[in-house]
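Heads up: the structure comes next, in structure tokens.
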Amino acid sequence: GKASRRGGTHNADHTALVKSCHEWLITHRIFARRRNVIAQKIGTRFVRSGRPGESDIWGVWPLCVGCKSIGRALVYRGTHFEIEVKTGAGTLNENQELFRDDIEEAGGLHFVVRSMRELEAIFAECHK
């Protein structure tokens, strides 16, 4: 895969899984958007978009019947969530851990997803 400046890799498997996760969320009427953190040189300037460590997908928890307990959080509709997609043995890097901590401290949810099955399990109660 292509090595990034952060030391992670984004290969075809990662890109395909991010796309599949996003499409599944949209198909199930869950508000979600893909996010790309980029850094590039434009002319003589170096331009960065986004914060290093931001997750691949963000969204808002869907309308569910009642609420759902996930780990230590009680989740109601309208809760912000982040999904970091990992393939292989990939783990969160330091920037991703800091971002996760910031999201959780602010009351949002952060998930690491390695497969479509994991994604579907997170939202299973909303589609019974």
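Read-outs: derived from the displayed coordinates by stated rules, not from any lab. Just so we're clear, the structure is a prediction, and the values are computed from it rather than from any experiment. All Cβ positions, even for glycine, are placed from backbone atoms using ideal geometry, and neighbour counts span all protein chains on display.
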- prompt: Tell me, in nm to one decimal, what length is gained between residue 13 and residue 27 on full extension, where the rule is 0.36 nm per residue of separation less the Cα-Cα distance?
  reply: 3.0 nm
- prompt: For residue 93 and residue 47 in one chain, what is 0.36 nm times their gap in residues minus the Cα-Cα distance, to one decimal in nm?
  reply: 14.4 nm
task: Could you sort 28-35, 101-108, 79-86 so that the peptide with the highest average Cβ count within 10 Å comes first and the rest follow in order?
output: 79-86, 28-35, 101-108
